[in-house]
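Engineer: Quick one: the structure is below, questions incoming.
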Amino acid sequence: MVFRHKHILGIEQFTREEIHFILDTAESFKEINSRQIKKVPTLRGKTIINVFFEASTRTRTSFEVAAKRLSADTYNISASTSALVKGETLEDTAKNLEAMKPDIIVMRHNASGAPHYLADRCDFSVLNAGDGAHEHPSQALLDLMTMRQHKGRIEGLKVAIIGDITHSRVARSNLLALQKCGAEVRLCGPGTLLPTGVEQWGVPVFHRIEDAIDQADVVMMLRIQQERQGKTLLPSLREYAMYYGLNRSKLSLAREDAIVMHPGPMNRGVEISSEVADGPQNVILEQVENGVAVRMALLYLVSGGEQLEV
Ligand code: NCD
């Protein structure tokens with residue numbers, strides 16, 4: 001397959017075949033990460049700048065590790081140390097970065113659509129590392145890679161996504177990717193954490209976690225994104241944990257071989273108990289491991305893919 005995307009802005013832009021092609025490419029990169037010398041020359045001479053206007057541990061490090069394993073030169077800018085705090089517009093920041101001739105900008109921003117805005121105005125490739133509550137494509141791809149590894153397929157899997165759906169770009173990107181690949185998605189959360197119009201998303205919505213989890217193959221837990229909530233949407237976290245937190249007894253309603261996923265950061269004791277987070281069904285650190293391979297694949301593919309030497 002010829003990969004024709006200059007930017008990775010959201011799962012929205014991909015077909016089912018393209019999603020599987022990206023996952024296949026990531027599989028082929030995975031092995032590099034367990035070599036003694038974890039480096040190939042594929043992106044030698046390419047310049048990648050990570051511009052993160054929001055907090056991040058996993059995603060930023062994962063993109064940087066991925067770029068370095070492919071021998072690209074990487075630079076990091078975060079909001080607190082950039083001129084944005086001095087009142088510069090996003091466009092001015094981008095134009096100044098463009099003048100330094102980067103090949104790829106990996107961007108996380110609290111405004112939905114910020115990466116699209118740059119992609120329309122600048123020469124470099126833009127990779128969306130999370131824009132507001134909109135999309136987080138690399139996260140959904142690493143999640144699908146992890147599901148496919150464990151279950152051998154995506155099609156027909158029953159995937160329950162539970163928690164703060166309204167504020168979660170992870171939920172939106174996963175929903176899009178899973179629908180395109182033929183999984184059966186169920187969404188679940190308290191009414192205040194489900195977006196208006198969720199009934200039109202084309203998937204069943206549950207208010208009781210027990211109903212959403214019933215016979216699920218995959219249980220994906222989400223964090224309560226307090227930093228995105230203008231006001232308190234929950235009476236108390238203790239009550240949330242009681243009704244929506246995943247513990248061993250609730251998990252027993254899922255299929256016996258169900259896997260438990262979480263994009264991180266986890267709030268132990270809120271959406272997930274430690275016995276489940278560290279239990280035999282969790283694949284949370286495999287998600288992180290696959291994240292590096294997926295991001296290597298994305299950086300490789302937007303840089304011209306097959307034309308490069310691996
Ligand atoms: C998520 C994010 O930032 O959207 N984390 C991540 O990238 N792994 C989810 C979250 O912040 O809860």
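The values are calculated or read from the model by the stated rules, or taken from the named source; none is laboratory data. Because the structure is predicted, anything quoted here is derived from the model rather than measured. Neighbour counts are summed over all protein chains in view; Cβ atoms, including those assigned to glycine, are modelled from backbone coordinates with ideal geometry. Quick note on the areas: whole protein, heavy atoms, side chains included, nothing else; ligands and nucleic acids left out. Shrake-Rupley method; radii C 1.70, N 1.55, O 1.52, S 1.80 Å.
Engineer: May I ask you to list the residues in the stretch 25-56 that are within 15 Å of Leu301 (Cα to Cα), in a helix (DSSP H, G or I) and open to solvent by 80 Å² or more (accessible area, probe 1.4 Å)?
Structural biologist: The answer is none; no residue qualifies.
Engineer: Residue by residue through the stretch 57-87, note down the ones that are open to solvent by 40 Å² or more (accessible area, probe 1.4 Å) and either closer than 28 Å to Ile284 by Cβ or among the polar types (S, T, N, Q) (or both).
Structural biologist: Scanning the stretch 57-87 gives Thr57, Arg58, Arg60, Thr61, Val65, Lys68, Arg69, Asn76, Ser78, Ser80, Thr81.
Engineer: Is it true that Tyr300 is of a type in the set (Phe, Trp, Tyr) and more than 26 Å from Arg153 (Cα to Cα)? Steps first, please.
Structural biologist: Working: of a type in the set (Phe, Trp, Tyr): yes; more than 26 Å from Arg153 (Cα to Cα): no.
So Tyr300 does not fit the description; no.
Engineer: Please identify the pairs in which a residue from the stretch 252-272 that is polar (S, T, N, Q) has its Cβ atom under 8 Å from the Cβ atom of a residue that is within 16 Å of the ligand (Cβ to nearest atom) and in a loop (DSSP other than H, G, I, E, B), counting only partners at least 6 apart or on another chain.
Structural biologist: Note: pairs meeting the criteria are Asn267/Arg223; Asn267/Ile224.
Engineer: Could you list all residues from the stretch 109-166 that are open to solvent by 20 Å² or more (accessible area, probe 1.4 Å), part of a helix (DSSP H, G or I) and closer than 19 Å to Glu286 by Cβ? Before you say what the answer is, go through the steps one by one.
Structural biologist: Going residue by residue through the stretch 109-166, those that are open to solvent by 20 Å² or more (accessible area, probe 1.4 Å) are 109-113, 116-117, 120-121, 123, 133-134, 148-153, 155-156, 158, 166.
Next, from what is left, pick out any that are part of a helix (DSSP H, G or I): 116-117, 120-121, 148-151.
Passing the criteria: Arg148, Gln149, His150, Lys151.
Engineer: Now for a separate question. What do you reckon, is Met147 within 26 Å of Tyr244 (Cα to Cα), touching a residue at least 40 places away in the same chain (Cβ under 8 Å) and more than 12 Å from the ligand (Cβ to nearest atom)? Show your work before the answer.
Structural biologist: Details: within 26 Å of Tyr244 (Cα to Cα): yes; touching a residue at least 40 places away in the same chain (Cβ under 8 Å): yes; more than 12 Å from the ligand (Cβ to nearest atom): yes.
Against the criterion (within 26 Å of Tyr244 (Cα to Cα), touching a residue at least 40 places away in the same chain (Cβ under 8 Å) and more than 12 Å from the ligand (Cβ to nearest atom)), Met147 qualifies.
Engineer: May I pose another question? Anything in the stretch 251-280 that is open to solvent by less than 50 Å² (accessible area, probe 1.4 Å), away from the ligand (no atom under 16 Å from the Cβ) and in a loop (DSSP other than H, G, I, E, B)? List them, or say none.
Structural biologist: Matches in the stretch 251-280: Ala254, Ala258, Ser273, Gly279.
Engineer: Continuing with this model, one more query. Exactly one condition in (1) touching a Lys or Arg at 6+ places or on another chain (Cβ under 8 Å); (2) more than 12 Å from the ligand (Cβ to nearest atom) is not met by Gly130; state its number.
Structural biologist: Among (1) touching a Lys or Arg at 6+ places or on another chain (Cβ under 8 Å); (2) more than 12 Å from the ligand (Cβ to nearest atom), the lone unmet condition for Gly130 is (2).
Engineer: A further question on this structure: Can you confirm whether the stretch 82-90 contains a residue that is at pLDDT 95 or above and not charged (D, E, K, R)? Quick ask: steps written out before the conclusion?
Structural biologist: Taking the stretch 82-90 and keeping what is at pLDDT 95 or above, we get none.
No, the stretch 82-90 contains no residue that is at pLDDT 95 or above and not charged (D, E, K, R).
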